[in-house]
Amino acid sequence: MGSSPQLGESAPDFTLPGGLLGGEDFERRDYTLTAARGRSVVLAFYPGDNTAVCTKQLCSYSSGLEAFDELDAEVWGISPQDVDSHESFARAHGLRMPLLADTDRETARAYGVAAPGIGVRRAIFLIGPDGVLRWKHVALLGATYQSLDTLTEQLSGIKNA
């Protein structure tokens, strides 16, 4: 596992393929972190599609997207599965945020969350509208995740800073 970016540093840029479920359509495109400047971005790294904890976590964030929107933030889920897997996962659970495919785990390595065996550690990185890392949580064990309330509280601090 590489070192994780430090608070106050520019977040490592990346471009990953992904998709977003909108109604019946799953719109596929590339997502680039620097293209999101001007809004806060919540990067939610998770080990796998259709696993119990990951499903609960992403459903929680998806059902709370309005709270993120009110804080001028978007949420991107990132895992090692491909875009086809993400489409199936999004459709099965009605997930309304972009799901990005880090199949070679290059982005996970840049953020210090690639892990042997499980592939990716469950982790959250809050990137400010200026592209600077403002808050992070990297789980040692992936059985729990940061709640919607915790994330919106942290984002509120970024917006009001």
**OP:** Could you figure out which of (1) surrounded by fewer than 22 Cβ atoms within 10 Å (Cβ to Cβ); (2) of a type outside the set (A, V, I, L, M); (3) in contact (Cβ under 8 Å) with a residue 60 or more places away in the chain; (4) under 20 Å from Leu16 (Cα atoms) isn't true of Thr144?
**Re:** (4)
**OP:** Out of Leu20, Leu43, report the one residue that is of a type outside the set (D, E, K, R), touching an Asp or Glu at 6+ places or on another chain (Cβ under 6 Å) and either farther than 15 Å from Gly94 by Cβ or open to solvent by 20 Å² or more (accessible area, probe 1.4 Å) (or both).
**Re:** Leu20
Original post:
Thr107: in contact with a strand residue (DSSP E or B) (Cβ under 9 Å, 6 or more places away or on another chain), among the polar types (S, T, N, Q) and surrounded by 20 or more Cβ atoms within 10 Å (Cβ to Cβ), yes or no?
Top reply: yes
Original post:
Is there a residue in the stretch 6-14 that is in contact (Cβ under 8 Å) with a residue 24 or more places away in the chain, assigned to a helix (DSSP H, G or I) and crowded, with 19+ Cβ neighbours inside 10 Å?
Top reply: no
Original post:
Filtering the stretch 53-81 down to residues that are in a loop (DSSP other than H, G, I, E, B) and without any contact (Cβ under 8 Å) to a residue 60 or more places away in the chain, which residue is most open to solvent (accessible area, probe 1.4 Å)?
Top reply: Gln81
Subject >> Hits in the stretch 110-139 - residues which are in contact with a Gly (Cβ under 8 Å, 6 or more places away or on another chain), open to solvent by 10 Å² or more (accessible area, probe 1.4 Å) and part of a loop (DSSP other than H, G, I, E, B) >> reply: Ile118, Arg121, Arg122, Pro129
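The values are calculated or read from the model by the stated rules, or taken from the named source; none is laboratory data. Bear in mind that the values here come from a model prediction, so they are computed numbers and not experimental data. Using ideal geometry, Cβ is built from the backbone for each residue, glycine included, and neighbour counts are taken over all protein chains shown. Just so you know, the surface numbers come from the protein's heavy atoms only, side chains and all, with ligands and any DNA or RNA stripped out. Shrake-Rupley method; radii C 1.70, N 1.55, O 1.52, S 1.80 Å.
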